[in-house]
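Written out below as C-alpha cells is the structure these notes cover.
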Amino acid sequence: MAKTVLSIRNMRKLYRNGRGVRDISLELKEGEIMGLLGPNGSGKTTTMKAICGMCGIDAGEIRVFGRNIDTDFEAAMEGVGALIEAPAIYENLSARKNMRLAARFYPELRGKAGERRIDEVLELVKLREYGGDKAGRFSLGMKQRLGLALAFLSRPKLVILDEPTNGLDIEGVVHLRGVIRDMAEREGAAFLIAGHIAAELEKVCGKAAVIHDGQIPARADMQDILENHPSLEDYFLSVTGAGGAREGGYYERNDR
C-alpha cells in the first residue's frame with residue numbers, strides 16, 4: 001500500500017490584507033502526481049510555501065513523511081525538492097557551480113558521487129552542455145531548467161513545483177512531462193504541481209485539486225474528472241461557478 005508523503009489538515013494562513021488560504025486539506029501518496037489548479041492569487045504559492053516552511057501558518061497541521069513540520073522540520077524536509085516562484089540560483093556562478101553548492105547540503109552527494117549526480121541531473125534537464133556557462137547569461141527557460149535540476153538533485157520523494165513550465169518552449173514542456181512521469185513511476189516520487197493552465201495539468205497529473213479564493217472546494221482523480229467533464233478546464237469552471245469566464249476570454253483554452 002502506498003505511503004502518505006504529504007498530509008495537510010485544516011491549514012489556514014492569512015495575511016494582513018485578509019488574503020491567503022483557509023481550511024486547506026490535502027493528502028498525497030508516493031508515486032502520485034497532483035495538480036493544484038487555480039488562477040493567480042488563489043493561494044497556490046502560499047500553500048506550497050507553507051509546505052516547505054517558507055511561511056508560518058496560523059492554524060492546522062502539515063506533515064511530510066509523517067513528520068510535523070513545526071516540530072521536526074529538518075527531518076521532514078530531507079526528502080523534499082522544490083521550485084517555488086523564481087529559481088533560487090546565483091547568476092554570477094555557472095550552472096555546475098550552482099549545483100555543487102546545493103550538493104554540499106547532502107552528505108551522499110559529496111565528492112565523485114555528487115559530480116556523477118550533477119551530470120545526471122544536468123543531462124536530465126538538457127543543460128549538460130551549458131554546465132560551465134554563467135547562469136546570468138541564461139534565457140528564462142534555461143534558468144527554469146536549472147531550477148528544476150536543483151529541485152531534482154537529491155532524488156527527492158516529494159517534489160513541489162510552482163508553475164514549472166514557466167519559460168519553457170514546447171519541446172521543454174513535453175520533455176518535462178516525461179521526466180515527471182518517469183520519476184513518479186520508477187522512483188515513487190510524489191509531485192504537487194501548481195498551475196493555472198488546465199490543459200497542461202490535465203496531460204501530466206493523475207489527480208487534481210481546485211483552489212479558488214483561498215480554499216479547495218473540490219479534488220478528484222483525473223480519470224473521474226474526464227469521465228464526467230469534457231476537460232479539466234470545464235471541471236474547474238463547474239466547481240467555481242465561473243462558467244461565463246470562457247466567453248469573456250479569461251480562461252481561454254490552451255489549444256486555441
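Of note:
- Value of [θ]222 nm, deg cm²/dmol, for the chain, DSSP H segments ≥ 4, -39500 (n - 2.57) each, nearest 500: -10500 deg cm²/dmol
- Comparing PHE73, PHE152, PHE191 in a Gaussian network model of the chain where C-alpha atoms under 10 Å apart are linked, the largest mean-square fluctuation is found at PHE73.
- Accessible area of the range 86-142 belonging to carbon and sulfur atoms, whole % at 1.4 Å probe: 51
- Net charge of the neighbourhood of GLY188, taken over other residues with C-beta under 11 Å away and scored Lys/Arg +1, Asp/Glu -1, is +1.
- Figure legend: label point modelled 7 angstrom from the Cα of ASP70 along Cα→Cβ; residues of the range 26-43 with amide N under 17 Å from it are 26.
- In the full protein context, the range 73-126 carries 60 Å² of accessible surface per residue, based on a 1.4 Å probe and ignoring ligands, DNA and RNA.
- On the basis of the beta-carbon distance and an R0 of 30 Å, ASP133 and GLU185 show a calculated FRET efficiency of 0.40.
- Extending 7 Å from the Cα toward the beta-carbon at both THR4 and GLU78 defines two label points whose distance is 2.1 nm.
- The simple spin-label model puts a point 7 Å past each Cα toward its Cβ; for ASP213 and ASN40 those points are separated by 2.1 nm.
- C-alpha center-to-center spacing [the range 159-183, the range 206-221] in angstrom: 21
- Carbon and sulfur %, accessible surface of the range 14-60 computed with the full protein complex present, 1.4 Å: 44
- Considering only beta bridges that DSSP places wholly inside the chain, some 55 percent are antiparallel.
- Kyte-Doolittle mean at least -0.5 and Cα axial length at least 24 Å: DSSP H helices in the chain: 170-187
- Sequence-distant residues sharing a close amide H with ALA189 (under 5 Å, placed H): GLY31, ALA184
- Among ILE8, LEU36, THR47 the positive-end extreme of the charge dipole of the range 6-50 (Cβ point charges): THR47
- About its Cα centre, the chain has a charge dipole of approximately 880 debye under the convention of +1 per Lys or Arg Cβ and -1 per Asp or Glu Cβ, with nothing else charged.
- Under 28 Å from the Cα of LYS126 - lysines, other chains or at least 8 residues apart: LYS44, LYS49, LYS97, LYS112, LYS134, LYS143, LYS157, LYS203, LYS207
- Rel. contact order, % - alpha carbon contacts under 8 angstrom, at least six apart, the chain: 25
The values are calculated or read from the model by the stated rules, or taken from the named source; none is laboratory data. Here the structure is a predicted model, which is why all the values come from computation and not from measurement. All Cβ positions, even for glycine, are placed from backbone atoms using ideal geometry, and neighbour counts span all protein chains on display. Note: accessible area is taken over every heavy atom of the protein model, side chains too, but ligands, DNA and RNA are not part of it. Shrake-Rupley method; radii C 1.70, N 1.55, O 1.52, S 1.80 Å.
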